[in-house]
Amino acid sequence: THTPVSFALMPGLAMLVLWLAAAVAGVAGSCATLNPTECSPRCAMAIQNAVQACSASGGGTVRLMAGRFLLQDAPDFDLQQFLSNSRKPRLEVIRRGEASKYQGSGASITFQNVRNVQITGPAEKDANGDPVARLVVSMPHGGLVLYQTANMALKFVTLELDRSSYTYGQCTAATADNSTITFDPALYPFSSSSPSWQFKAQSILEWDNVNNRPAKNGLDIYALSDPYSISLLEPKQFELLQLGTQRGMKVGSYYVVRHIVYGSVAVDLSHCNETSLESVSILSSAGMGIHGSDSLDISLFGVRVHPAKGMPMSLSADAVHFESCMGQISIENSTFESQGDDGLNVHGKFFDIESVLPDGKTIKLGMPPNGGSTALVIGATYEFRNRSTFMPVFRTRLVSADQAAMTASFQDVLPSVAAEPFTLLASIDQMPAVTLRNCRYANNRARGTLLKTNNVLAENVVYDHTSGPGTQAYPDGCYWWESSAFTNWTMRGNSYIGCNYGAAQAQGDLLVAACSPTWDKGQPTTQGAPVVDQQPFSGVTVENCHFVQDSPHTAVALFGVSGVTVRDNVAEGTTSTAFELQGCKQCVGSNNKCNGATCLVQGCS
């Protein structure tokens, strides 16, 4: 027996218990059930209204029945303006805990200020293993935007485009200047009345039609700002103009012609707290699959990015991309296959110093050369790093900023080592911990995972024929300006199969390095090389990993790390120097094998 608690004696506790009970009941309760046959083809507003109403009533579950929810009532947007803005450097200034102004993203559905809502379809899967509740996005729109949401979940849902953002086919004729692509019009509808974006090619990627992945050392052309023109010859053929044998096109080869590369995202998170995706499949997108910025605590479980049946490529760009996020990012039991760019990228963003104003606390900012939006967070702590050595030289808090003037003012006077022109600075408050477990990254262009943050654990992850490294951490002050150097970074029990064979090849299947720019007449260029005379990284462990290579090359390449452990790894089909360190200190290397024989970790003394 037990003595019951008297709520009359503890009114504060009683209110807390009742509030918690109500909250749990609200989240678990059903707000609405939507039937695709009743709302299609105008389901976007129906879903948005149901979710917003559910949030306003205290939260709960919006259920989607099996079937195809056609989102043809998505708001209009200017595609060319969207693509142009994505390539322009833009500075935002926000206060810590606040959100930047929502800019719009061509989304079909926008959830703003939603709290405590779960969107779920039936647990049933189709023959391809995808949820039977399908959101069908009208190309070139994106799918869902979550803006300033909290405790929001998406479960048992498939997202796909009504027409792929690319066309896949074989080059059946070519001159020096032009080439003809023959394709299946049932999979890639194309006519004289098709929208204008179909008559442009921003990227041409040669494809291995046998192994269904980017071709080894194949043609890989980007033309984002000046795309190639397409002339339709008949419903199953078009001509790529000014792109012929002189540019590397080959009769008989297969190509993925991406009309749009970095278009709207399937699921986009901005300034969100506690977001989870579970058993969600993404088959196609005009850009990335899942993108998150300035968001806290994100969980992906059982997420699948893969091509629809009969299609070679899934997404046009990255599968998952998180920038300037916080808290914990957890990705488990998930698969990311055949996308047009990286499997996962986690990073912050650098600025640099153009000049220091007379007060010694205010700087004129330089912006990343590659475009995109970068936010200054008032109240956040910023770390300053030497551009050449990548070593930290100072930390202080940002107290104000002027967006128009491109200036930032800090709490403390900058010492001379932090006030030099071209010094890098980035927020250290936006470096989330990352856990990857039981995931697969396969058959995509570029890298498997890029992990540029502290406190990373990746274990039991399979990297299968990523055209670049399976795992890469390459923060840089060169081109992308993605931050930052890190500590406590572990790769454990992972498999690397046939990686690093094509586009985005680098020094190893697993690479850690910081890019120091090449200087020209006192100016940093966008090209550079790994830092080896200092140690910007610390606490890196690579253990119990298995490397199987199609051709011999370096398996693990680590540059500029203090405190390295490389042990119990196996490399097959490799060189005798599969494990290489440069500019590293405090190294432990033991029980590593290359082609069945014990091998040393080069550079580890």
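The values are calculated or read from the model by the stated rules, or taken from the named source; none is laboratory data. In this text the structure is predicted, and so the values were computed from the model without any measurement. Positions of Cβ are generated from backbone atoms using ideal geometry, with glycine treated the same way; all protein chains shown enter the neighbour counts. Areas reflect the complete protein model, heavy atoms only, side chains present, ligands, DNA and RNA absent. Shrake-Rupley method; radii C 1.70, N 1.55, O 1.52, S 1.80 Å.
Summary of computed values
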| item | result |
| --- | --- |
| For the chain: accessible area per residue (Å², 1.4 Å) | 39 Å² |
| Pairwise centroid distance, computed over Cα atoms, of region 547-594 with region 424-496, Å | 17 Å |
| Burial ranking of peptide ranges 512-519, 592-599, 444-451 (average Cβ count within 10 Å, highest at the top) | 444-451, 512-519, 592-599 |
| Rg/Rh ratio calculated on Cα atoms of region 170-301 (Kirkwood radius) | 1.06 |
| Share of carbon and sulfur in the accessible heavy-atom surface of the chain [1.4 Å probe, %] | 50 percent |
| Amide hydrogen neighbours beyond the local backbone of K593, cut-off 5 Å, H modeled | N569, V570, A571, C599 |
| The chain - convex hull of the alpha-carbon atoms, volume per residue in Å³ | 195 Å³ |
| Global geometry of region 67-190, whether rounded, prolate or oblate, following the gyration tensor of its Cα atoms and the 1.5 cut on a/c | oblate |
| Antiparallel bridges, percent of DSSP beta bridges restricted to the chain (to nearest 5) | 30 percent |
| Ranked packing of 393-400, 379-386, most packed first, by mean Cβ within 10 Å | 379-386, 393-400 |
| Cysteines (scope the chain) whose Cβ has no counterpart Cys Cβ under 4.7 Å | C171, C272, C325, C439, C499, C545, C584 |
| Estimated FRET transfer efficiency (N35, T525; beta-carbon r; R0 51 Å; 0.05) | 0.30 |
| Square roots of five times the Cα gyration tensor eigenvalues for region 506-599, Å | 28, 16, 8 |
| Mean ellipticity per residue at 222 nm, deg cm²/dmol - from DSSP H runs of n ≥ 4 across the chain, formula -39500 (n - 2.57) | -2000 deg cm²/dmol |
| Region 182-255: C-alpha gyration tensor shape, a/c 1.5 cut-off, then a/b vs b/c | oblate |
| Distance histogram for region 236-352 (every C-alpha pair counted, 5 angstrom bins, percent rounded to whole numbers) | 3, 10, 19, 19, 17, 11, 8, 6, 6, 2, 0 |
| Sum of side-chain charges, Y228 neighbourhood, beta-carbon under 12 Å (Lys, Arg +1; Asp, Glu -1) | 0 |
| Intensity falloff of region 304-347 expressed as log10 I(q)/I(0), Debye formula with alpha-carbon point scatterers, at q = 0.19, 0.31, 0.32, 0.33 Å⁻¹ | -0.61, -1.11, -1.15, -1.18 |
| Overall Cα dimensions of region 30-84 - principal axes, largest extent first, Å | 41, 26, 12 |
| Relative packing of peptides 573-581, 135-143 - highest average C-beta neighbours within 10 Å first | 135-143, 573-581 |
